[in-house]
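The values are calculated or read from the model by the stated rules, or taken from the named source; none is laboratory data. None of these values were measured; they are calculated from a predicted model. Neighbour counts are summed over all protein chains in view; Cβ atoms, including those assigned to glycine, are modelled from backbone coordinates with ideal geometry. Surface areas here come from the heavy atoms of the whole protein model, side chains and all, with no ligands, DNA or RNA. Shrake-Rupley method; radii C 1.70, N 1.55, O 1.52, S 1.80 Å.
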Amino acid sequence: MREIVIGLVTRALERLRGTGDLSESLNETFLQNNAGFKVERPRERTHGDFSTNAALILARPAGMKPRDLAQHLLDAMPVEELLGVRCEIAGPGFLNFHIAPERLRALIPEILARGRAYGRSRRGVGERVLVEFVSANPTGPMHVGHGRGAVTGDAIARLLEAIGCTVEREYYINDAGAQIDVLGRSVLYRYQESLGRTVVPPADYYPGEYVIDIARAMHARDGERWASIPVDIPKPPVEVIDFAIDWVMREIRTDLESMDIHFDTWFSERTLHADGGIQRALDHLAANDWLHEGVLEPPKGREPATEEMDGRVHLLFRATRLGDDSDRPLLKADGSPTYFAADIAYHYDKAQRGYTRLIDVWGADHGGYVKRVQAAIEAMTGKKDFLDVVLTQMVNLTQGGKQVRMSKRAGTFVTLREVLDETGSDAVRFWFLGRSSGAGVDFDLDLAKSRSNDNPVYYVQYAHARVHAVQVKLKERELEDLPGDLELLTAEEELNLIRMLGQYPEVVEGAALSHEPHRVTYYLSELAAIFHGYYNQYRILEEDPALRGARLSLLRATGQVIANGLNVLGVNAPVSM
RNA sequence: GCGCCCGUAGCUCAAUGGAUAGAGCAUCGGCCUUCUAAGCCGGUGGUUGCAGGUUCGACCCCUGCCGGGCGCGCCA
């Protein structure tokens, strides 16, 4: 719908240009930034369905007063295409467009004809996007924070698919590094403990219950094979480590699948170490003078800069050239690559796979890491803004109004699994997507599992269920299901509902392009509210078949849009509740 | 000290540089013999943290403060 208006304004501008009514400077402006005008949805209903600021933007270069230019534009609009569109000058020089009821009503058959494809577009055709998300370390079960990253990444992927992008979902498994050895020692410790021994725990180990489960399972497989190796061994046996990683990853995969999240690729960090990927990436950087050796300044202002600031010489990446705060070390003291070095190699690998765009979804606690990775990608590819990093803020769990503390150490660790069992995937998804990713989420366990008015998930799902309940009723009463006469949809509530349905494609496109799924959540809540209001005031199953048919069509179109919107968020659209 | 995110109604949050800043919750008051009340209607509630700047126009962009969160070499 918006395209219609954009077309009108563009056509009018072109005509004005052609007739030479406007100064040269306007022509230049027009050519330079494609006029730069916007067509937007005014907040105020009386300002029409669409509004453009073209006359305001172009008044100065045209050497005219905004309202005068607006009048010129209005006069230059192609009358034949104005059918069903009323255009007027308002305020300081806005052009407001009012879509006539008959043109609004035409949306209903369009939505019904397009069905599940309504709201999808081809805007992103040709784009190949890789969305990397979750990537929770394979050292323990996922917690709710991972859950937020999971639904955010998946929703972004679904949105991009909806606008025609080719999308792949990828999970980066951090199966290398010191933490993995800690996991191995933790399992060995619990394993030997389960053999009835008194074992001194290793200096650092994961305290969670799940480690005991892994140990038991390993005992079932291996018997007493690992009974006598020291639990504080620096490098635990690879068989132990692999067993533990597989166990944890299986749990993670199960949790993700229960939220209907599926990855195309599970990328192992280890492979980068094993097949020389890290070395290749570093060589590539070195060849373009992005590496140097140097001593790092200790960070300023941190409390007593002490001990291990040894001032040794590091191999460094020149991140400061691209806006980072300091150059970043690539090798640890023992000569092994840092996590960052592996991540450089990982993103180098991604960059070479032919994507047009990379998206990473990270927890906000990794925010300080964004600049250096973006710098590395720019250094390797020459492309700025090739990677967009979406940071998701913390999730606060509350129950009975009190905060549920999450702490690995204290053992009050609430896993994603527990929350999913309590509330279900739909509640988790809708709730986590109900805020912009930059805002924290308070997840109220009681509310999320309640079947009450206050639960936003049910509010939208109920609207969808209502649509189907009416159709069930239609059959029960054995009423004729005729097309009806859409001309009878004249009530302001009906036209407003149609207007709302018409906005859906724009919402999807905006959410997809900005990587902001919460826009869809808000839209759906608003659509549901308008629908509930309409439903409460008007009867669908009227005696008059013409009116009944028309309202049924509107009802079905509404149900279709709600279903499509929920689907793009990965939330079910139940037909009864 | 530096970097990133944030500061909007009592609370939790929306608002692509546009016109009179919106929802939900809370609170107060109404609506079920009707297609599901898991719903609807109405009231109360704002100097968008502060001060400047950019422009026809700023919650949004820029600068400086104030307040909160996250992070800050050889953890991942």
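Which order do the peptides A:242-251, A:224-233, A:195-204 come out in when sorted by mean C-beta neighbours inside 10 angstrom, highest first?
The peptides rank, most packed first, as A:242-251, A:224-233, A:195-204.
Please grab the % of Cα pairs in segment A:210-265 that end up more than 16 Å from each other.
52 percent
Which part of segment A:243-262 falls in the paramagnetic zone of A:E168, meaning amide N under 20 Å from the point 7 Å along Cα-to-beta-carbon?
A:261-262
Can you tell me the FRET efficiency between A:R353 and A:R15 if r is taken as the Cβ-Cβ distance and R0 is 51 Å, rounded to the nearest 0.05?
0.65
Please report the projected area of segment A:206-356's Cα convex hull averaged over all directions, in nm².
14.0 nm²
Kindly give Rg over Rh for segment A:453-569, based on alpha-carbon atoms, with the Kirkwood expression for the hydrodynamic radius.
Reported Rg/Rh (Cα atoms, Kirkwood Rh): 1.00.
How large are Rg and Dmax for chain A when calculated on the C-alpha trace, in angstrom?
Radius of gyration, then largest Cα-Cα span, for chain A: 29.4, 94 Å.
Of all the accessible heavy-atom surface of chain A, with the other protein chains kept in place and a 1.4 Å probe, what percent is carbon and sulfur?
Taking all protein chains in place, chain A shows 49 percent carbon and sulfur surface.
Report, ordered by chain and residue number, the lysines lying within cross-link reach of A:K402, taken as a straight Cα distance under 28 Å and ignoring same-chain residues fewer than 8 apart.
Cross-link targets: A:K449.
Of the peptides A:364-370, A:388-394, A:271-277, how do they stack up when ordered by the mean number of other Cβ atoms within 10 Å, highest first?
Descending mean neighbour count gives A:388-394, A:271-277, A:364-370.
What fraction of the Cα pairs in segment A:526-577, stated in percent, has a spacing above 15 angstrom?
Here the long-distance tail beyond 15 Å is 54 percent of all Cα pairs in segment A:526-577.
Starting from 0.36 nm per residue, how many nanometres of slack lie between A:W266 and A:L296 once their C-alpha separation is accounted for?
Contour length minus Cα-Cα distance gives 7.3 nm.
Highest first, please rank the peptides A:461-469, A:278-286 by the mean number of other Cβ atoms sitting within 10 Å of their residues.
By packing density, highest mean first, the sequence is A:461-469, A:278-286.
What whole-number distance in Å separates the alpha-carbon centres of segment A:549-577 and segment A:331-402?
37 Å
Quick one: compute the contact order of chain A, relative version, from alpha carbon pairs under 8 angstrom and 6+ residues apart, as a percent.
Computed value for chain A: 15 percent relative contact order.
Give the average over all directions of the projected area of the C-alpha convex hull of segment A:90-247, one decimal, in nm².
17.2 nm²
Would you please give the FRET efficiency between A:N288 and A:I229, computed as 1/(1 + (r/R0)^6) with r the Cβ-Cβ distance and R0 = 60 Å, to the nearest 0.05?
Efficiency for this residue pair is about 0.85.
Would you mind calculating the gained length between A:D334 and A:E422 on full extension (0.36 nm times residue separation, minus the Cα-Cα distance), in nm to one decimal?
Extending this stretch completely gives an extra 27.1 nm.
Using 1/(1 + (r/R0)^6) with R0 = 30 angstrom and r between the beta carbons of A:R116 and A:D365, what's the FRET efficiency to the nearest 0.05?
Given R0 = 30 Å and the Cβ-Cβ separation, E is 0.20.
Bin all alpha-carbon pair distances of segment A:440-497 at 10 Å intervals from 0 and give each bin's fraction as a whole percent.
17, 28, 30, 17, 8, 0
Beyond 13 Å, how much of the Cα-Cα pair distribution for segment A:250-293 remains, as a whole percent?
Distances greater than 13 Å cover 69 percent of the Cα pairs.
Determine the calculated [θ] at 222 nm for chain A from helices alone, applying -39500 (n - 2.57) to every DSSP H run no shorter than 4 residues and normalising by the residue count; nearest 500 deg cm²/dmol.
One gets -15500 deg cm²/dmol as the mean residue ellipticity at 222 nm.
Normalised by the residues of segment A:453-569, what does the relative contact order come to in percent, with Cα pairs under 8 Å and at least six apart?
42 percent
Compute the length gained on full extension between A:L82 and A:E127: take 0.36 nm times their separation in residues and subtract their Cα-Cα distance, giving the result in nm to one decimal.
Contour length minus the Cα-Cα distance gives 12.8 nm.
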